[in-house]
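See structure below.
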Amino acid sequence: MENEMKIKLKVWRQENEKAQGKFEEYDVNTNPDMSFLEMFDVLNEQLITEGKDPVAFDHDCREGICGMCSMVIDGRPHGPKGGITTCQLHMRSFNNGDTISVEPWRANSFPVIKDLSVNRSSFDRIIAAGGFVSVNTGNAVDANSILIPKETADKAFEAATCIGCGACVSACKNASAMLFVGAKVTQLALLPQGQAEREARVVAMVNQMDAEGFGACSNTGACAAECPKEIPLSVIATLNREYMKAKMNGK
Amino acid sequence: MKVLSFLFNSSIGRKFAMALTGIFLITFLLVHCGVNATIFFNDGGETFNEAAEFMGTNWLIRTMEIGLFIGLLWHIFQGLWLWQNNGMRRKQKYGKSAGNANSTWYSRSMGLLGTLLLLFLVLHLKHFWIVSRFTDEITSGQETLYGEMMEVFGADGLISVVVYVLGCISLSYHLLHGFQSAFQSLGINHPAYNPIIKSLGFGFSIIVPLIFAAMPLAMHLGLLQ
Ligand code: SF4
Ligand code: FES
């Protein structure tokens, strides 16, 4: 096949959270049209045929919306291209003969489950602490019964595009979760539905974030540069502001 | 007091404290730089000595000096704590990491740059502050602060000059990240103001350390009388 492409993969293999992990090397025959995850499917087929343990990695939608496909590729979360997830990365972004290193997200708050698959339930606990609005059940209200200016709706939507992938944490030298928390807090602080719990929310979410063991932000900007949804750093400024206001009000 | 406890026990509160003390120290640098730049009048240090005498005797300035030290110590201890603490958040390090692809080296090295500055500061305080506040060399009129500078940086002062220039380089990189970072930590990030903060920060981080570095250099090279 003229399109054939041979690469060498250096993949992090780790039996479980407690085990000592290490890099293993594999040769894979792929082609430029494959996605990075399809290339991993090929590798796993190969491993299974050889009677070896396939590489555990997370994926679900394979179209950039679920946020599961966490891989640090050649030192960058989701690989060398900006604004995409691993499932949207294709082998044409690499060259024939390349050696590519693949590791899991690394942060104390994201323990490795196996190989490249990490446990991100610390994010779920942050959301559970306040990343929601409480509403009474009943009939669904008319979509336009609460008027929201287009500009505000757009800004809230921009923050709402966060898919909770955790690339921000994985890229940050402090393993800080501020971009993620900032996105959630900003989204709800902008909308009328988020007002009732606005102050309690930000304090509860930041407390949970700290308790989960994420580091403090030092504004290097690595998170926003690596975020597949290009969530801007300004959401962290908003988070700081919201938190300060709530604290000054004695929350 | 309880309202302010978040400054000590939450990640965002600590950042906030770093930013406030940082901006305070930036204003101090401006004053310090302005006063010291009077040596460039090249009047044998006359204006400078007068300014130094005023700064050393005026009660308002002396009171603010206490505030300065509190701010400085707060910034140092908080900074060291954050450096140490943030460093523990990723026990298993990356085999390969491409940090330069997403951030500047100096934004990731604030703890290191700050520590270099701290070491420099110890020497700097020993050179000038201790002499002028805790000995009577200057008050008794045996020596002027300008004369002291000439002595430290003069013909035999090559090592001091090199250390001071290195200190100024660390300061410059520390400020390149710190200046704008302080505003972000305080929640000031808005398309209308960001360009002003960025260019002001950039200018300040280059110009102020440059003026500071020019002082020992000019003295060592014999450009000042
Ligand atoms: S902010 Fe970006 S990088 Fe972080 S979890 Fe959300 S989508 Fe992923
Ligand atoms: S698999 Fe869903 S975002 Fe990549």
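The values are calculated or read from the model by the stated rules, or taken from the named source; none is laboratory data. Because the structure is predicted, anything quoted here is derived from the model rather than measured. Neighbour counts run over all protein chains shown; Cβ positions are idealised from the backbone, glycine included. What goes into the accessible areas is simple: the full protein's heavy atoms, side chains included, and nothing from ligands, DNA or RNA. Shrake-Rupley method; radii C 1.70, N 1.55, O 1.52, S 1.80 Å.
Consider residue A:224 carefully, then state whether it is modelled with pLDDT of 95 or more, surrounded by fewer than 24 Cβ atoms within 10 Å (Cβ to Cβ) and under 26 Å from residue A:148 (Cβ atoms).
Details: modelled with pLDDT of 95 or more: yes; surrounded by fewer than 24 Cβ atoms within 10 Å (Cβ to Cβ): yes; under 26 Å from residue A:148 (Cβ atoms): yes.
It is true that residue A:224 is modelled with pLDDT of 95 or more, surrounded by fewer than 24 Cβ atoms within 10 Å (Cβ to Cβ) and under 26 Å from residue A:148 (Cβ atoms).
In segment A:68-82, what count of residues is obtained for those that are open to solvent by 30 Å² or more (accessible area, probe 1.4 Å), assigned to a loop (DSSP other than H, G, I, E, B) and more than 9 Å from ligand 2 (Cβ to nearest atom)?
Taking segment A:68-82 and keeping what is open to solvent by 30 Å² or more (accessible area, probe 1.4 Å), we get A:68, A:74, A:76, A:80-82.
Now narrow it down to the ones that are assigned to a loop (DSSP other than H, G, I, E, B): A:68, A:74, A:80-82.
Keeping just the survivors that are more than 9 Å from ligand 2 (Cβ to nearest atom) gives A:74, A:80-82.
Selection size over segment A:68-82: 4.
Out of the residues in segment B:44-68 that are open to solvent by less than 50 Å² (accessible area, probe 1.4 Å) and more than 22 Å from residue B:24 (Cβ to Cβ), which is nearest to the other protein chains (Cβ to nearest Cβ)?
Checking each candidate, the answer is B:48.
Inspect segment B:172-180 for any residue being in contact (Cβ under 8 Å) with a residue 60 or more places away in the chain, aliphatic (A, V, I, L, M) and part of a helix (DSSP H, G or I) and give the result as yes or no.
Within segment B:172-180, the subset in contact (Cβ under 8 Å) with a residue 60 or more places away in the chain is B:173-179.
Remaining after also requiring aliphatic (A, V, I, L, M): B:175-176.
Of the ones still in play, those that are also part of a helix (DSSP H, G or I) are B:175-176.
Yes, that holds for at least one residue.
Every residue, every condition in (1) more than 9 Å from ligand 1 (Cβ to nearest atom); (2) in contact with a Phe, Trp or Tyr (Cβ under 9 Å, 6 or more places away or on another chain); (3) within 14 Å of another protein chain (Cβ to nearest Cβ); (4) touching a residue at least 12 places away in the same chain (Cβ under 8 Å), yes or no:
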| position | (1), (2), (3), (4) |
| --- | --- |
| A:145 | yes, no, no, no |
| A:150 | yes, no, no, no |
| A:156 | yes, no, no, yes |
| A:167 | no, yes, yes, yes |
| A:172 | yes, yes, yes, yes |
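Has segment A:235-246 got any residue that is within 11 Å of ligand 1 (Cβ to nearest atom), within 9 Å of chain B (Cβ to nearest Cβ) and open to solvent by 30 Å² or more (accessible area, probe 1.4 Å)?
For segment A:235-246, residues within 11 Å of ligand 1 (Cβ to nearest atom), within 9 Å of chain B (Cβ to nearest Cβ) and open to solvent by 30 Å² or more (accessible area, probe 1.4 Å): absent.
Consider residue A:161 carefully, then state whether it is within 16 Å of ligand 2 (Cβ to nearest atom) and of a type in the set (S, T, N, Q).
Numbers: within 16 Å of ligand 2 (Cβ to nearest atom): yes; of a type in the set (S, T, N, Q): yes.
Judged against the criteria, residue A:161 is a match.
Are any residues in segment B:69-103 under 20 Å from residue B:15 (Cα atoms), out of contact with any helix residue (DSSP H, G or I) (no Cβ under 7 Å at 6 or more places or on another chain), within 12 Å of chain A (Cβ to nearest Cβ) and open to solvent by 40 Å² or more (accessible area, probe 1.4 Å), and if so, which ones?
Of everything in segment B:69-103, those that are under 20 Å from residue B:15 (Cα atoms), out of contact with any helix residue (DSSP H, G or I) (no Cβ under 7 Å at 6 or more places or on another chain), within 12 Å of chain A (Cβ to nearest Cβ) and open to solvent by 40 Å² or more (accessible area, probe 1.4 Å) turn out to be B:81, B:84, B:87, B:88, B:89.
Output the residue which, of all residues in segment A:203-215 that are within 9 Å of chain B (Cβ to nearest Cβ) and open to solvent by less than 10 Å² (accessible area, probe 1.4 Å), is farthest from residue A:78 (Cα to Cα).
The selected residue is A:206.
Do we have any residue at all in segment A:174-196 that's under 15 Å from the mean Cα position of the chain (by Cα), crowded, with 21+ Cβ neighbours inside 10 Å and at the interface with chain B (Cβ under 7 Å from one of its Cβ atoms)? It would help to see each step written out before you state the result.
Filtering segment A:174-196 for residues under 15 Å from the mean Cα position of the chain (by Cα) gives A:175-184.
From the residues that got through so far, the ones that are crowded, with 21+ Cβ neighbours inside 10 Å too are A:175-184.
Subset that is at the interface with chain B (Cβ under 7 Å from one of its Cβ atoms): A:175.
Within segment A:174-196 (the criterion being under 15 Å from the mean Cα position of the chain (by Cα), crowded, with 21+ Cβ neighbours inside 10 Å and at the interface with chain B (Cβ under 7 Å from one of its Cβ atoms)), the answer is yes, since at least one residue qualifies.
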